[in-house]
Structures are given as C-alpha cells and as structure tokens.
Amino acid sequence: MRYLSWIVILSTLTVANAAFAEVITLTDPKGDDKGPGTYEYPTDGVYRPGSFDLTKVTFESSGDDTIIEVEIAAKIEDPWDSSAWGGNGFSLQFVQIYLDTNKATGSGHAETLPGLNARFSSESAWEKVVLISPQGKNRLQSEVNAKAKALKDDVVIPRKTSVKGRTLRAVVSNADLGSAVAKGWGYQVVMQSNEGFPDKSDLLTRKVNEYAGPHRFGGGSDWECDPHIIDMVAGGASGNPDETKAQADALKYTCDKGGDVGKSTLATLPMVYR
Amino acid sequence: MFSTLPKWRTTREALEAEFRSSYQSDSSVMLNYRTGKTSRWMVAVAIGIFVVAIVSYVGPKFAYADIANIDLGASIYTKWLYRNNDSQGVLNLGNPFWPDNISGDNGVGSEFELRITGRLSQYVEAGARIQSRFGSLWQDWWENGDIGYDEHNTSGESLGMNHAQYMKLRGYYVRFAPPIPTIQWITVGASDLSMFNPWTIGKVRYIDRDNAKGTFVEGAVGDAREFSYNLAVIALPKLWVGPSWSTGIGDPTLVNPFYANDWAYGAKFQVNPDSWGRFELVGTVTNDLEIDTADPDAQGTIYPTCEDDLGNEVPGCQDNKNGAVGTFTRYLNAVLTLEAQLDPAEIVTINLLGGLSMQQLDPQLATNGVANSGGVFPVPFADIGFFDKSYAGRVRVELLDPFEVGLGMKFEYFNIGENWVSMFGARREADVLLTEGFLGGGQLPTLNLANEFVDFDEQWYESIVGWHGGTAIFDFEYNTFGISAEYTFITYNTNGQNRDVDFTYPTFLHSEGFTDIDVYDYANTLDRGRDPRSVYRRHQDRASHIAVVNADYVIDAGRGIEVGAKFKMIADTDKRSEDEESGDGIISGTTDDDYSGLLLHGKVSVAYPFTDELRIGVSAELDRWSEQNRDGLLLTDGDGNVTGANYGDTDTDKEKVSATIRYDFEGVHLNYLFEYIHKFQNRELKPDQNFHIVQGKATVEVSW
C-alpha cells in the first residue's frame, strides 16, 4: 500500500509535469566542446572532460515562470565549494542564453556581454540574455552593473539557479523576459566557464589562450580576437553531427598580427529560431 | 578598442588563477577601476604627456620592457570582530595549543595584499604574492610588535614584529611548458596542492593557499587528454604534517630536528576512456627523516670520538666516519586511492572509491603524544600496515531525476577502517561524504583536522575515521521551491572494548556529548562536548542516526523573497562498557554508563534583495538536546574491572537569532553578520550553565 501511494504521487507529478504548455528544446552534438574546433580545456584536474559540452537545452513555461534546463555531457561538480561563497551548487560552468524575441533587424543588441569576444549580426540581435552562473545574485548583479551598464536592463538573472546531476536549472520570471517564451523566438546558448577573478573588463568569463594553462583554455589566440566560447548551439540545434561544423564556421575569427581588435574579425553568432 | 598587448600580458587573471581561482571566495573579487579624483586630472595629463614623449623617443628600444611584462593585482581586507566579552584580537579561535598574538573576540584589523605575475612567453610564467601580516588592531598606533618592555613604559611601542603589519613573501612560482613529449607544465614553487584528493594529499586551506612549495609536473596524452598524470615532490610543512603536528620541531625526543630533507611525494594517473567514465589512481608518501645521532659525522652526535661513556670503542663507528650523515625515518605515511566515476546511463552516475593506507612511526624519534599529551595526537602511535584495518571505501550512486518530475536521489555507502591514516589529507574546506554529519560542515578522513584560525561564522569539519554506514538523500524541485531529505545511519569500526587509549589511540581528551560549535573553546572549559577529531574511546558500542530536511522557496514578490527552513534530528547511542569475552573469561561491563542523546534543531530564514547591491537576511534557530549519561566516570576496582558508573544527564536549550547584510557596489564588498545566542545547560553532575552571547563580524574587501 505504501508503494502504491508513492506510485500515485509520482504519476500525478508526471501528469502535472506533462500538462505544461510549450516546451522548446535545443539539442547539441556531443564532443563539440572545442569552440571553433581547436579549443582545449584548461589543464587543472577540476576541468573534467565533458564539463563544458552542451547537449540539450529546454525552455518550459510554468505559470508566471519559465524553467530553463541546460544539460551537459558530464556530471556537474562543485570543486570550489560554491556554498562557501554564496553560490548555487556548482563552480565551473557559466551559461549565457541570448534571446531574439522579435526577429526585427536592428532591434536589440549586437554586442555580447563583455568577455566573449563575439557579436551578433543586426538581423539576429538579442533583446534579453539570461545568465546561469554559479555566482550568487548579488555578485552577478554587481558585475553586470559594473561591466555591462548599458545592457543591464536586458540582462536577466534567474529567480533561482540550481544543479542536479548533469543539468543546470534556472527559474526565470516571464516578466523579466518580457513574456513567456513564444514561437518564433531566436535562441543562442553560449557555454563559458565561471571565472571568479576575471579580467577587469570581462563579465566573469574565463579566457582562451593560444596555449592551455591550468586555468585557461587553449587553442585560441593570445590576443583579444578569438571567441571565448567553448560550446554553443548551431545549425538547426537538433543534435545532428553536422552542427559541429556549423559551430566551427560560426566561430571563425581572424586576428590582426599587432593585436588591433579593430582590424580583427570577431566571430558572429547565429540565432536558432523555433 | 585597441589592444597593444596580448591578453596574457594585460590581465591579472593568470595570477589570480594561480593564487586564488580554486578558492572562489565571493569577496575580494571585483575590480575597482575608478580612475581617480578629477581634481588631479591636470597632473595626470602632464605625467601622461611626459611618459608618451619619453616612450615616443625611446619606444622601439623597450617596446617589451620589463614593466610591460608585469601584471599587478592588489586587495585590502578589513575585518571587525566584536563580542560581549573582554578578549582582544581579530580571530575567534586561534592556535589551540599556545597563545598567539592574533586571536580574540574584539578588534578591527586590516591587511594588504599584492600579487605580481609576469609572462615571458606563452610557455613561461612566474608569479609571487606578498601580504601584510594580519593581527594588528587599528588602535595599534606606532605598534611594531607585541614583545613588551619589562619595565613600565608609556611609549606605546613594543619590541617585536608581530603586530608591525610587515609585508611577507607568501608564495612564488615559476611555470614553464618545455617541449618534452606529454609534459604540459612544470611548476616550481608554490601550489595549493589541489591536484590530488582529500584522502591523500588534500588541497590546503585558503589561508595557506600558497604556503606549500614543491616541484610539480603535469602531462597528458591524447587530443582529449585521454590519459593524464601529475607528479609532485612537496616540502613537508614542518609544523603540521607529522607526529605531534611537526616533523620534529618541539619534539622533546629530538635534540636537533632535521626537517630540510622532509618531503612528500605524489603521483596521480587519470584515464578518461570516454564520456562514460573516468578512473583515477593516486598514490602519496610523506617521509619525515631525522639524522642518526649515533653517526659520528652528525651534528651533536653521541659518539664524536667513536667511544662510549666508558671509553670503549663503539663497534663499526670508525667505518662510519666518512663525512656522510645517515638518516632514519621518524614518520612515514603512504596512501593509495583508486576512484572510478561511471556514467552508464543518462539518469545514473556511480562513483566508486577505494583506498589503503599505512604508517611507520619510530617511537625513538617521536614523543608519544597519546601518553604524554593527554591523548592529543594526530595519528595512532603505532606502525600500521596496508592491510591492518587501514582501508577506506565509498560507493555513491545518484539517480538524476529518473521520473522526470524534478526528483533526484543519492545513495552512499561508506566504510573507513579504524586505522585509516592520512597525515597530509585535507584538513578543512573539503567534504568527502554526502551527509551533513553532526556538525553541518564537512567530513574528512583524517585526525589532522584544522578547526582553528577561524571565526564563528565558518564551517566545522569532523573526522570520519572508523565511520561505517550509509546515506540516502532525496531532493525535489518545483519552480522555485526545493526540498531535500537526508537519512544517514552510522555505526563505527572503532567500536570495541578496552581499546588502548593510554599509549596507542588518541582520544583528544574530550569524547562525550554533542559538540556545540556555537560555544566552543579548545580547552573545553565551557563543556562544549566532543572534539570533532575524537573517534577513539576505551569502551565504545556506538550507533548514530541523522535525519535532515531542508526546504527553500523564492516567493514571487518584489525582487523575490527567499525563505528557508531546516529541521535536523540526531539520535546517538553508545553502550560504552559492555561484557566482553577474553581469554581470561568475561570482562564485565555496565549498563550504568549507556549514553543516549537526542538532538533536535530547527531553523527558519528569510532574505530579501532590497536593491541590486543590498541584500538583508534574518534567521532564527532553536536547539533542544537531551542527553542521558552524557559524561561522567566509569568506576573500576583495583584490578580494572568495571564495578559501576557515575554518569550524569544533560539537557541543553539553545536559541539563536542572526542577521546578515551584504552590500556589493562597484567592486567594494561589505558583509555583516550579527548573532545573539542564548544557551542553557542543565547538568546533573555539575552546576548549570547559562550563556548570553552577542557577537558580530563585518568585512570590507576591495581588489583592483
């Protein structure tokens, strides 16, 4: 009888769960956590293989909120004990989700948040960006206020961020997004790494260098021209292996030999429309 | 945007990564890049013009001058600590063994830190950190030390350097990536030792983050680092990795402690065959050497002339007179762990860990602290073999929302042998078990814990040597509501009768009763209960049950009201002395000493972010502890036979309210914690105790 009651409860929860309206799903192939194809993880042991390998993202309406779940290939660990610094139960990952809510050319922002070294085309400019970070709300908000002042009104910090197994979970208020997720929106999910001691202009992002270091990604450039993006959704975001190439193409960049970013070509990120 | 230098020359990230990135303290993290006071702009412009002119003139000759290769980072940290008592200092719990010049409950002090890194190329990097000595109070005008004059003196100065806030070199390293197959980096100098694990050589605590020095090699094979390795030779800290927390310093058995050749050796090999699993083998050895005082070449040798006290020639001594000094091992500890992380399916992860340990301890070179220091000693005073109940095992299975309703499950089995010994394991700031444990902090597999040099708001760590049991945790999330429930059962491999706690197994003096981390003192003058390191008792038959429920919810009002609730229950029993069969027959025990403790703890909290920068929280906690036969004496006859017991009950009531304020603004971080604690201890055998504690801690931190 005890077991029966458990089954009833779980079934009820499952049915209730399935009853939610819209679920947007983006999938990404495994093993493409190499940015434009050349990036390597930092060499320190905490950066386990698969830790930045995006595999699936879902957006699900739930009342006045949207539940965003970001799944990666490896179990998410907390090697730097985030509870000790007011964090959210994980340490390494930092996900930025850019949303094009109106698909209108010229509307929104073409530049990314500082530290990514990438941009969007004016056709795919974003209106909102959701930050899924291990940092507590205060820290995150103060970083945004200090380093992305012009964009801060369009930066959404989840009401709650948590982790379970391989999945990061964020509860975002629909009011903060402007509305519930709707058909026709564009999505770009960028996987970065949380850097608690970032460069002065970077918004909690970890850099990519030419040569990997204990706490730096490698395979990029020592100048500020390479995209600091380890994984992202590309192509049709259906998990097709071809999307690895689409990602590499999207993250192509060129560096001026003298380090002049103005003469370099930054990567242009695509949106995936659903 | 124009960048004149590559990013490894223009950021301080590399330096921070080395010194701090594996400690994500949420303070001292923002950059303050305000440009200075506008009233000085003309001076700044003039200086700028002058510099540009000079650079334009000689620029090509030093385009990459030394200064361009240096990144600087700095922090100022200030702490206020106040409590309604009369002790002075800026650290609640300092050194447990002898008085230090920092600890005390009332004071305000600051420290300054400077971090310097340079990159010669992408293959070579060097760095150093210097920091002022902490402990001086703001009131200490003109203070340059704490050694006072023998006679009355009104100068306000003292004779030492301890409070002089002098800058001290804390850490330094050189790292390079030579073109040697498989080697990625070689590091010479400081490290936080995070490359191993808490069971073997643990990451050192934050305040010691660059005190460890050694030579470290890391390498890998394969595009995806399918095989990687770390090798290390580490200088043994002379003041804690060894018997009596030293490698010989202060040990009365040694006339000339020789610590310059004491090293730890570590190797880690990791295989990542695919995303479904990872295997990690770690082996470490710590070796504390002392000189052979019978060697005629040794400094302070007992045979300088190769003759004994009676003038007789010492056999073989002359042959040893060769200019070389022999050594003996005072203490050796070897630990081996094999860990497998398996991800066989989307909804399951499995972690397996097994370990073996051993130690060799020379009783002629190490004082028996179990016998001579009242049982305060960081390891059993005995040789322990690899298969002498010195194992450790842990199996962890996690089900990741198998029903897709937000319900996760974690199960863990743990079994740590009674003789598991890890002298260089993690001392704090790590946690190897899922359970919240008795203290709500971390559980670590060593007796060499460090619940010292801490303030009242910091986590506590308890030893799990001898723990055998299991944990089940269920957690559920729905929107912004989350709840988790834990049940843990522990029995103890240290259970047994007539354990030798006089010469072999350390008890840390105080082994009875629930530990009160709110009203703690090292000497136990406040009756704070069991020492978190006390895992051995003369007579023990103990079992424990821990149940915890945590819930949190963000109410959708305004900026989101964060509420939380917690309930915890511990039921702990110990039959202590029991009848035991031996070769001489049955040794009688008694039921008069049977312990039964019930701890109930509840907490509610609410917090609200009033602005982007300001967050205020309040909480209330209630504790009701009922302990039968908490402490007392076992009565024995002249032959050591148990004849009865005189144990008394204790009931403890405790209430705590606290408030937190956090303010983050443009790189300045302010934190404030206020607590009021009332505790009443109703003791059967001793006078009752009543505590009213009002305490606060505030910090301001800025980095640039």
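So, in the range B:678-703, of the ones that are hydrophobic (A, V, I, L, M, F, W, C) and in contact with a Gly (Cβ under 7 Å, 6 or more places away or on another chain), which residue ends up surrounded by the most Cβ atoms within 10 Å (Cβ to Cβ)? Walk me through how you get there before you give the answer.
First, the residues of the range B:678-703 that are hydrophobic (A, V, I, L, M, F, W, C): B:680, B:685, B:691, B:693-694, B:698, B:700, B:702.
Restricting the remaining residues to those that are in contact with a Gly (Cβ under 7 Å, 6 or more places away or on another chain) gives B:685, B:702.
Numbers: B:Leu685: 13, B:Val702: 20.
This residue is B:Val702.
Residues checked against (1) within 12 Å of chain A (Cβ to nearest Cβ); (2) within 24 Å of the chain's Cα centre (by Cα):
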residue	(1), (2)
B:Glu452	no, yes
B:Asp457	yes, yes
B:Trp460	no, yes
B:Tyr478	yes, no
B:Ser484	yes, no
B:Phe489	no, no
B:Tyr492	no, yes
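Here is a yes/no grid of residues against (1) within 12 Å of chain A (Cβ to nearest Cβ); (2) free of Cβ contacts under 8 Å to residues at least 12 places away in the same chain; (3) part of a loop (DSSP other than H, G, I, E, B):
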| position | (1), (2), (3) |
| --- | --- |
| B:Asp223 | yes, yes, yes |
| B:Ser228 | yes, no, no |
| B:Val233 | no, no, no |
| B:Lys238 | no, no, yes |
| B:Gly250 | no, yes, yes |
| B:Asn256 | no, no, yes |
| B:Pro273 | yes, no, no |
| B:Gly283 | no, no, no |
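Taking the stated definitions as given, is A:Asn145 polar (S, T, N, Q), without any contact (Cβ under 8 Å) to a residue 40 or more places away in the chain, over 25 Å from A:Thr38 (Cα atoms) and touching a strand residue (DSSP E or B) at 6+ places or on another chain (Cβ under 9 Å)? Spell out how you get there, then give the answer.
Values: polar (S, T, N, Q): yes; without any contact (Cβ under 8 Å) to a residue 40 or more places away in the chain: yes; over 25 Å from A:Thr38 (Cα atoms): yes; touching a strand residue (DSSP E or B) at 6+ places or on another chain (Cβ under 9 Å): yes.
Judged against the criteria, A:Asn145 is a match.
If A:Asp53 passes every condition in (1) modelled with pLDDT of 95 or more; (2) surrounded by fewer than 21 Cβ atoms within 10 Å (Cβ to Cβ) but one, which one does it miss?
Here A:Asp53 clears every test but (2).
B:Val554 passes all but one of (1) buried (at least 20 other Cβ atoms within 10 Å of the Cβ); (2) part of a loop (DSSP other than H, G, I, E, B); (3) not acidic (Asp, Glu); which number fails?
Evaluating B:Val554 over (1) buried (at least 20 other Cβ atoms within 10 Å of the Cβ); (2) part of a loop (DSSP other than H, G, I, E, B); (3) not acidic (Asp, Glu) leaves (2) as the failure.
In the range A:172-203, how many residues are more than 13 Å from chain B (Cβ to nearest Cβ) and either among the β-branched types (Val, Ile, Thr) or free of Cβ contacts under 8 Å to residues at least 12 places away in the same chain (or both)?
The total comes to 3.
Starting from residues that are among the hydrophobic types (A, V, I, L, M, F, W, C) and in contact with a helix residue (DSSP H, G or I) (Cβ under 8 Å, 6 or more places away or on another chain), keep the ones in the range A:89-137 and report whichever is surrounded by the fewest Cβ atoms within 10 Å (Cβ to Cβ). Show your work before the answer.
Pass one, the range A:89-137, residues among the hydrophobic types (A, V, I, L, M, F, W, C): A:90, A:92, A:94-95, A:97, A:99, A:104, A:110, A:113, A:116, A:118, A:120, A:125-126, A:129-132.
Of the ones still in play, those that are also in contact with a helix residue (DSSP H, G or I) (Cβ under 8 Å, 6 or more places away or on another chain) are A:90, A:99, A:110, A:113, A:126, A:129-131.
Working: A:Phe90: 22, A:Leu99: 23, A:Ala110: 15, A:Leu113: 23, A:Trp126: 25, A:Val129: 21, A:Val130: 22, A:Leu131: 24.
Looking at the filtered set, the residue picked out is A:Ala110.
Going through B:Thr337, B:Thr349 one at a time, which residue ends up being β-branched (Val, Ile, Thr), free of Cβ contacts under 8 Å to residues at least 60 places away in the same chain and in a strand (DSSP E or B)?
Of B:Thr337, B:Thr349, the one residue that is β-branched (Val, Ile, Thr), free of Cβ contacts under 8 Å to residues at least 60 places away in the same chain and in a strand (DSSP E or B) is B:Thr349.
With the condition kept exactly as written, say whether any residue in the range B:622-638 is in a strand (DSSP E or B) and more than 30 Å from B:Arg542 (Cα to Cα).
Looking for residues that are in a strand (DSSP E or B) and more than 30 Å from B:Arg542 (Cα to Cα), one finds none in the range B:622-638, hence no.
Check A:Ser221 against each of (1) part of a helix (DSSP H, G or I); (2) facing another protein chain (nearest Cβ under 9 Å) and name the one condition it does not meet.
All conditions pass for A:Ser221, except number (1).
Exactly one of these conditions fails for A:Asp64: (1) modelled with pLDDT under 95; (2) farther than 30 Å from B:Tyr229 by Cβ; (3) out of contact with any helix residue (DSSP H, G or I) (no Cβ under 6 Å at 6 or more places or on another chain). Give me its number.
The number of the failed condition is (3).
All but one of (1) surrounded by fewer than 21 Cβ atoms within 10 Å (Cβ to Cβ); (2) within 19 Å of the chain's Cα centre (by Cα) hold for B:Ile180, so report the exception by its number.
With (1) surrounded by fewer than 21 Cβ atoms within 10 Å (Cβ to Cβ); (2) within 19 Å of the chain's Cα centre (by Cα) applied to B:Ile180, the lone miss is (2).
Conditions first: (1) of a type in the set (S, T, N, Q); (2) over 17 Å from the mean Cα position of the chain (by Cα); (3) under 14 Å from A:Gln192 (Cα atoms). A:Ser51 passes all but one, so which condition is the exception?
It fails just one condition, (2).
Across the range B:320-346, what is the number of residues that are in contact with a strand residue (DSSP E or B) (Cβ under 9 Å, 6 or more places away or on another chain), hydrophobic (A, V, I, L, M, F, W, C), closer than 30 Å to A:Pro49 by Cβ and surrounded by fewer than 17 Cβ atoms within 10 Å (Cβ to Cβ)?
Matching residues across the range B:320-346 total 3.
On the basis of being over 30 Å from B:Ser582 (Cβ atoms), without any contact (Cβ under 8 Å) to a residue 12 or more places away in the chain, exposed (fewer than 14 other Cβ atoms within 10 Å of the Cβ) and of a type outside the set (S, T, N, Q), does B:Asp637 make the cut?
On the way: over 30 Å from B:Ser582 (Cβ atoms): no; without any contact (Cβ under 8 Å) to a residue 12 or more places away in the chain: yes; exposed (fewer than 14 other Cβ atoms within 10 Å of the Cβ): yes; of a type outside the set (S, T, N, Q): yes.
So B:Asp637 fails the test.
Within the range B:187-202, restricting attention to residues that are in a loop (DSSP other than H, G, I, E, B) and small (Gly, Ala, Ser), which residue is modelled with the lowest pLDDT?
B:Ser194
If we keep just the residues of the range B:244-280 that are aliphatic (A, V, I, L, M) and within 23 Å of the chain's Cα centre (by Cα), which is nearest to B:Pro363 (Cα to Cα)?
First, the residues of the range B:244-280 that are aliphatic (A, V, I, L, M): B:249, B:254-255, B:260, B:264, B:267, B:271.
Okay, now just the ones that are also within 23 Å of the chain's Cα centre (by Cα), so B:249, B:264, B:267.
Numbers: B:Ile249: 16, B:Ala264: 21, B:Ala267: 29 Å.
The residue in question is B:Ile249.
Mind checking which residues of the range A:219-240 are surrounded by fewer than 23 Cβ atoms within 10 Å (Cβ to Cβ) and under 19 Å from the mean Cα position of the chain (by Cα)?
Answer for the range A:219-240, where residues must be surrounded by fewer than 23 Cβ atoms within 10 Å (Cβ to Cβ) and under 19 Å from the mean Cα position of the chain (by Cα): A:Gly235, A:Gly236, A:Ser238, A:Gly239.
Can we say B:Gly648 is out of contact with any helix residue (DSSP H, G or I) (no Cβ under 6 Å at 6 or more places or on another chain), farther than 27 Å from B:Asp105 by Cα and at pLDDT below 95?
Here the answer is no, as B:Gly648 does not meet what is asked.
Would the range B:423-442 turn up any residue that is of a type in the set (Ser, Thr, Tyr), surrounded by 21 or more Cβ atoms within 10 Å (Cβ to Cβ), under 30 Å from B:Gly696 (Cα atoms) and away from chain A (no Cβ under 12 Å)?
Checking the range B:423-442: at least one residue is of a type in the set (Ser, Thr, Tyr), surrounded by 21 or more Cβ atoms within 10 Å (Cβ to Cβ), under 30 Å from B:Gly696 (Cα atoms) and away from chain A (no Cβ under 12 Å).
Which of the residues spanning the range A:69-124 are part of a loop (DSSP other than H, G, I, E, B), within 24 Å of A:Ser201 (Cβ to Cβ), hydrophobic (A, V, I, L, M, F, W, C) and in contact with a Ser or Thr (Cβ under 6 Å, 6 or more places away or on another chain)?
A:Trp80, A:Leu92, A:Ala110
(1) loosely packed, with under 15 Cβ neighbours inside 10 Å; (2) in contact (Cβ under 8 Å) with a residue 40 or more places away in the chain: which one isn't true of B:Gly316, the others all being true?
(2)
The values are calculated or read from the model by the stated rules, or taken from the named source; none is laboratory data. None of the values given here were measured: they were computed from a predicted structure. Because the Cβ atoms are built from the backbone with ideal geometry, glycine has one as well, and the counts that use them run over all protein chains shown.
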